[in-house]
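The values are calculated or read from the model by the stated rules, or taken from the named source; none is laboratory data. Fair warning: this is a prediction, and the values are worked out from it, not measured in the lab. Please note: Cβ atoms are built from the backbone with ideal geometry, for glycine as well, and neighbour counts cover all protein chains shown.
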2 protein chains.
Amino acid sequence: MTTKELLQQAKAAAPVLARTDTERKNRALLAMAEALEAETGAILQANILDLEAARGHISPVMLDRLALNADRILAMAGGIRQVAALPDPVGRVRKRVVRPNGLVIEQVGVPMGVIAIIYESRPNVTSDAAALALKAGSACVLRGGKEAFRSANAIVDAMQAGLEAADLPAELVQLVQDTSRTSANELMTAVGYVDLLIPRGGAGLIRACTEHARVPCIQTGTGICHVYVDKDADQAMALRIIENAKTSRPSVCNAEEVCLVHREIAAEFLPKLRTRLVDDRIADGKPPVELRLDPAAAAIIDGTPAGETDFDTEFLDYILAVAVVDDADQAIGHIALHSTGHSEAIVTANAETAERFARAVDSAAVYVNCSTRFTDGGEFGLGCEMGISTQKLHARGPMGLEELTTTKYVIQGSGQIR
Amino acid sequence: MTTKELLQQAKAAAPVLARTDTERKNRALLAMAEALEAETGAILQANILDLEAARGHISPVMLDRLALNADRILAMAGGIRQVAALPDPVGRVRKRVVRPNGLVIEQVGVPMGVIAIIYESRPNVTSDAAALALKAGSACVLRGGKEAFRSANAIVDAMQAGLEAADLPAELVQLVQDTSRTSANELMTAVGYVDLLIPRGGAGLIRACTEHARVPCIQTGTGICHVYVDKDADQAMALRIIENAKTSRPSVCNAEEVCLVHREIAAEFLPKLRTRLVDDRIADGKPPVELRLDPAAAAIIDGTPAGETDFDTEFLDYILAVAVVDDADQAIGHIALHSTGHSEAIVTANAETAERFARAVDSAAVYVNCSTRFTDGGEFGLGCEMGISTQKLHARGPMGLEELTTTKYVIQGSGQIR
């Protein structure tokens, strides 16, 4: 089926879901989880074909992301059940006002309609995204990466079987059958068919969407996250936070990429940082962090001299750019210039400095004395997440179910005119 | 100054405003209102030049929109004072959660940064938009219509004097000096300089923004609004609502353009509708409404046969398209096909039908037993308005101060890592 036809089917099916009550949506989600488990064999078979085709073409890390096993499928089904357990954002009255003329004005959560998601190779995104869109009352059109194509098809087949078991149209969850750039462009320009486009992927995909998208789009993802160590920092806490932010999962968008250190403590702190991130980790048999140092930091500790682009790079690796700044204001200025607006942290015991930093830094999440790694729907208590918005419109930070819905005003009158 | 330079200045000035507290923003707004009144002479002089240049080139209605007098300037100053009296959306904690690990997560209202507004000839939009942007903590770059160019410059001069009187940078309110299409395109594509673009104007402008905008944009305005008269309607109420929705101010976006009538009552209701909108109004010396009738309606009353585009036209005039439908579901289907998603109303005494209509119609505002004319920031109790969003992302319906801000998460920790 062509992408256009899929979109038409999704659009036609969406109103059915918009009318479906919470109980039945949850029933469908549970049936989808069950179908996923029941089809484990078929999904693993498809995944083996994907892995065979991809081997040699993509990195071992990417191969691991692509690989499924029975446990991972169980986890995917568990994720769907978690979404079923979340409160329904559709129909929730967000605001209510009774006007002097007697009009009762309610702002009510309603579905978007059709949500399109462009993503890459992790097969679990297929089931996560579909479950979230469904619970939010929207049909979804999924366009995954070509490496995971067979796996995604098998997963969608199972989910569609689940939908039908709950008497909902299978067309509510669609997988685009063309994984070339053409289909991504078709989704970006499907005005009237796509109510919300969510690109989940690298900087290239996000840039393509900024340039080409004609449909409403939420940018996600890219994170050049900073940790600023103030002169009034608890330095032991700073070391713990930096090691966590940098090394607990370097490939994710909320990992730290840049460390800024107050000049007054640089001579004391930087050697400790090097010991913690390089020497101690080698001694513990963990991958050490490569430090890319600005001239002031390089005058204090050993490391790689920072190149021109090192403070503007999302390394997603065991690499940390380090610079010395004169004070919190210079840190704020550096972040304003180099950040992608994702997550930044300050470590300081000075409440006034913390407050100034939190107020001035214009990013989706600003942390005081904790790791940037908490920017995550689950950690924020949303129960789930469809990515991290780094834009200012509609959603900023982790996107949960509420961010996947829109609102309308419903006004009850008794003949009022103006 | 070039548009690029204006944008750079606005971007540079925006952080100053973001740091400014409510009291000082309000002081600036009051100083702007005072300056506007003090400069009445200069503004009227500029307006006379605008009117002289425009006479013969634009319609009498447009000339009236363009014309200022001392009262209108007083009203503009009054509008600014009203904005000063509104609560500040910046710094307001919208959500707060304490997580099991002790993290305190707050979602806080913060300024957009730079808001650009493209609008047409009404000079009062210049002061309204600037006041709203300022209160929302954002610098604004205004691009008005060429007919009002001298008036807008005089108004902006006065407002900048007010800003300086309150020790804020004049660059926070900027007027684009080029009124050609080039400058509109420059604003639409000023990625990194414009955080939010609001086009206020006709369908052509909105379409241009959909096609060309690379910056975040909120579509406003176009309203093909429907009133559906159900078989269970209080028909006297329906007539009152329709006359109000159609004729109280036909040139605005929340005016009714299409009336749908349930087949069972068509033979009884349509003659009353004709009497009310045509004969009674002629007798009262008021402009009658031209009825454009579908075949079923034309079989019952006299009127103009509806042409192919009459159910897809924002007349903004004393014209009403009328169609007969089989039931509420067909009305809902017709609206889904022809509406611009602005405002629709049902008149019915049947609570179940009203509920079905309110749930199924996917527009920014859905009315039960009242006029569509209430879609307005003031009528909704927002105290002001920067236009009516007809899109689903970020804002839907009247946009007040909250819709002109974004949020960020501020997270307080005590050394938490993940």
Taking residue B:364, is it more than 30 Å from residue A:246 (Cβ to Cβ) and either more than 7 Å from chain A (Cβ to nearest Cβ) or in contact with a helix residue (DSSP H, G or I) (Cβ under 7 Å, 6 or more places away or on another chain) (or both)?
-> no
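Rundown of residues vs (1) modelled with pLDDT of 95 or more; (2) of a type in the set (Phe, Trp, Tyr), yes/no style:
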| residue | (1), (2) |
| --- | --- |
| A:345 | yes, no |
| A:353 | yes, no |
| A:381 | no, no |
| A:397 | yes, no |
| A:401 | yes, no |
| A:409 | yes, yes |
Mind listing whichever residues of segment A:144-156 are assigned to a helix (DSSP H, G or I) and under 22 Å from residue A:209 (Cβ atoms)?
-> A:146, A:147, A:148, A:149, A:152
Mind listing just one residue for me: the one in segment A:86-107 that is away from chain B (no Cβ under 11 Å) and surrounded by 17 or more Cβ atoms within 10 Å (Cβ to Cβ) and, of those, farthest from residue B:398 (Cα to Cα)?
-> A:86
State yes or no: is residue B:330 over 25 Å from residue A:101 (Cβ atoms), more than 10 Å from chain A (Cβ to nearest Cβ) and not acidic (Asp, Glu)?
-> yes
Can you tell me how many residues in segment A:384-416 are among the hydroxyl-bearing types (Ser, Thr, Tyr) and touching a helix residue (DSSP H, G or I) at 6+ places or on another chain (Cβ under 9 Å)?
-> 3
If a residue has to be closer than 18 Å to residue A:206 by Cα and within 13 Å of the chain's Cα centre (by Cα) to count, how many in segment A:386-406 make the cut?
-> 11
Working only within segment B:126-157, note down all residues that are among the β-branched types (Val, Ile, Thr) and surrounded by 24 or more Cβ atoms within 10 Å (Cβ to Cβ).
-> B:126, B:141, B:155
Of the candidates B:353, B:390, B:375, B:340, the one satisfying the condition of being closer than 22 Å to residue A:18 by Cβ, out of contact with any Gly (no Cβ under 9 Å at 6 or more places or on another chain) and polar (S, T, N, Q) is B:353
Residue B:374 fails exactly one of (1) buried (at least 24 other Cβ atoms within 10 Å of the Cβ); (2) more than 7 Å from chain A (Cβ to nearest Cβ), namely (2)
Looking at residue B:226, is it surrounded by fewer than 20 Cβ atoms within 10 Å (Cβ to Cβ), more than 15 Å from residue B:297 (Cα to Cα) and either not hydrophobic (A, V, I, L, M, F, W, C) or not assigned by TED's automatic domain parsing to the domain that holds residue B:336 (or both)?
-> no
Hey, among the residues in segment B:305-324 that are among the charged types (D, E, K, R) and within 22 Å of residue B:252 (Cα to Cα), which one's surrounded by the most Cβ atoms within 10 Å (Cβ to Cβ)?
-> B:310
With segment B:178-248 as the region, which helices (runs of 4 or more DSSP H) entirely inside it contain at least 3 residues that are in contact (Cβ under 8 Å) with a residue 12 or more places away in the chain and within 14 Å of chain A (Cβ to nearest Cβ)?
-> B:203-212, B:235-247
In segment B:3-19, anything closer than 15 Å to residue B:116 by Cα and surrounded by fewer than 17 Cβ atoms within 10 Å (Cβ to Cβ) is listed as B:4, B:5, B:8, B:12
Counted residues in segment B:157-177 being farther than 17 Å from residue B:84 by Cα and not in a helix (DSSP H, G or I) come to 5
Across segment B:384-418, which residue is farthest from the other protein chains (Cβ to nearest Cβ) among those that are among the β-branched types (Val, Ile, Thr), over 30 Å from residue B:233 (Cα atoms) and in contact (Cβ under 8 Å) with a residue 40 or more places away in the chain?
-> B:405
Of those in segment A:340-375 that are in contact with a strand residue (DSSP E or B) (Cβ under 6 Å, 6 or more places away or on another chain) and in a loop (DSSP other than H, G, I, E, B), the residue nearest to residue A:313 (Cα to Cα) is A:342
Among what's in segment B:252-281 and is in contact with a helix residue (DSSP H, G or I) (Cβ under 7 Å, 6 or more places away or on another chain) and in contact (Cβ under 8 Å) with a residue 60 or more places away in the chain, pick the residue that is surrounded by the fewest Cβ atoms within 10 Å (Cβ to Cβ).
-> B:254
For strands (runs of 3 or more DSSP E) lying entirely in segment A:31-143, having 3 or more residues that are hydrophobic (A, V, I, L, M, F, W, C) and under 24 Å from residue A:9 (Cα atoms) picks out A:114-118, A:139-143
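Results for (1) aromatic (Phe, Trp, Tyr); (2) more than 29 Å from residue B:76 (Cα to Cα); (3) in the same structural domain as residue B:202 (by TED's automatic domain parsing), shown as yes or no for each residue.
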| residue | (1), (2), (3) |
| --- | --- |
| B:369 | no, yes, no |
| B:381 | no, no, no |
| B:404 | no, no, yes |
| B:418 | no, yes, no |
Can you confirm whether segment A:364-371 contains a residue that is farther than 13 Å from residue B:413 by Cβ, in contact with an Asp or Glu (Cβ under 8 Å, 6 or more places away or on another chain) and among the β-branched types (Val, Ile, Thr)?
-> no
Selection status of residue A:358, farther than 29 Å from residue A:120 by Cα, surrounded by fewer than 19 Cβ atoms within 10 Å (Cβ to Cβ) and within 13 Å of another protein chain (Cβ to nearest Cβ) = no
Check off (1) facing chain B (nearest Cβ under 7 Å); (2) outside any loop (DSSP other than H, G, I, E, B); (3) surrounded by fewer than 21 Cβ atoms within 10 Å (Cβ to Cβ) for residue A:381 and give me the number that stays unchecked.
-> (2)
